[in-house]
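Working notes, structure below.
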Amino acid sequence: MSLKEFIFSKQFLKNLGSAAVIVVGFLMALLIWINFYTRHGQSRPVPDFIGQTLEETRRLARKSRVRYQIIDSVYTSDVPRGCVAEQNPKPGFRVKKWRNVMLTINAFNPEMVAMPNLVNVPRRQAVAILEAAGLEVGIPRYVPDISVDVVLKQLYNGRDIQEGDLIQKGSVIDLVLGKGLSNQRTPVPDLTGLDLETARDRIFGASLTLVTSIYDNTVINAADSARAFVYKQNPEFNVDATIQLGSSVYLWLTVDSAKLKPDSTFVITDTVPQHFPVQSD
């Protein structure tokens with residue numbers, strides 16, 4: 001029998017049809033299984049667990065047909081102790097039925113850390129030590145001293161704090177730094193367009209002091225303040241300008257991008273000095 005005759009024979013066509021039926025049946029069964037396993041098209045929004053007690057969380061998870069898993073704990077004043085402080089995915093994010101939501105619980109007691117010794121430590125190293133200990137850097141204050149940019153005192157709530165003293169993790173430590181006995185100067189950084197946190201880091205990195213930040217009337221709520229950016233600064237940025245180490249810096253912030261146009265005129269209030277001594281090299 002020739003190949004052509006075999007291909008068109010009843011037996012071959014019968015076997016071919018049977019194989020096609022088996023393949024189609026297998027594919028349909030596979031699709032049904034995949035659809036059942038993934039519950040395609042049956043997503044639901046993640047409920048808001050923030051601020052809920054564990055019992056409230058259990059009831060809400062069952063009602064919303066999701067599972068939850070507690071993965072960590074923090075200490076914060078934003079929610080009551082023992083309640084949910086963070087969740088992932090965020091509320092409203094759509095997930096499949098009975099998927100896990102990762103929760104972080106607010107601890108009943110704050111985590112305490114030992115205060116490190118920063119006295120006689122250079123500023124940059126002191127900042128790294130504080131961050132490694134889980135502490136935050138407050139507002140630096142510069143005073144005349146033979147040392148330059150070296151920690152002279154470490155303060156907690158305005159008082160000296162000693163090495164080894166236990167304080168709450170995340171506490172703010174203020175540093176008193178030496179600015180030298182000579183008229184040492186530093187360049188004025190360009191802060192225009194930066195958010196407050198980035199601008200604060202730039203100011204601190206230049207060995208200057210952020211005295212205050214002023215929001216304009218476009219900043220209405222916390223969300224606005226989080227995305228606000230600097231549109232004015234005093235003293236002004238100038239590539240050739242320097243000011244004395246430790247000098248004060250004032251910032252004005254907005255969410256209105258139109259205010260980013262070059263503007264050398266500052267809004268002066270009774271509490272903000274009109275200018276600072278600026279020296280061009």
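Before moving on, here are some points about what is shown:
- Cα gyration tensor shape of the range 185-273, rounded if a/c is under 1.5, else prolate or oblate by comparing a/b with b/c: prolate
- Here the spin labels are modelled as points 7 Å beyond Cα on the Cα-Cβ line, and at Leu30 and Arg44 they lie 3.1 nm apart.
- Placing a pseudo-label 7 Å from each Cα along the Cα-to-Cβ vector at Arg159 and Ala107 gives an inter-label distance of 2.3 nm.
- Reachable lysines from Lys179, criterion Cα separation under 25 angstrom, eight or more residues apart if same chain: Lys153
- 3J(HN,Hα) couplings calculated from phi for the range 87-102 with the Karplus curve 6.51 cos²θ - 1.76 cosθ + 1.60 (θ = phi - 60°) are, in sequence order, 8, 8, x, 6, x, x, 5, 8, 9, 6, 4, 6, 7, 7, 10, 7 Hz; Gly and Pro show x.
- Ranking Ile71, Phe49, Ala61 by how far each Cα lies toward the positive end of the dipole of the range 44-106 (charges on Cβ) leaves Ala61 at the top.
- Potential lengthening between Val74 and Asp256 on full extension [0.36 nm per residue; Cα-Cα distance subtracted]: 62.0 nm
- In this structure, the amide hydrogen of Leu253, modeled 1.01 Å from its nitrogen in the peptide plane, lies closer than 5 angstrom to those of Ile214, Tyr215, Asp216, Tyr231, counting only residues at least 5 positions away or on a different chain.
- Gain on full stretching of the segment that runs from Arg227 to Glu131 - 0.36 nm per residue minus C-alpha separation: 32.2 nm
- Spatial separation of Cα centroids for the range 53-115 and the range 170-186, in angstrom: 40
- Global geometry of the range 112-179, whether rounded, prolate or oblate, following the gyration tensor of its Cα atoms and the 1.5 cut on a/c: prolate
- Length added when fully stretched, Thr218-Ile22, from 0.36 nm per residue minus Cα-Cα: 63.8 nm
- Each Cα pair under 8 Å and six or more residues apart adds its sequence gap; the mean of these over the residue count of the range 53-163 is a relative contact order of 23 percent.
- Sites Asn183 and Ser147 - FRET efficiency at Förster radius 22 Å, r taken between beta-carbons, to 0.05: 0.90
Any read-out appearing in this document is the output of simple, stated calculations on the displayed coordinates, not a laboratory observation. These figures come from a predicted structure and were not determined experimentally. Cβ: placed from backbone, ideal geometry, glycine included. Neighbour counts: every protein chain shown.
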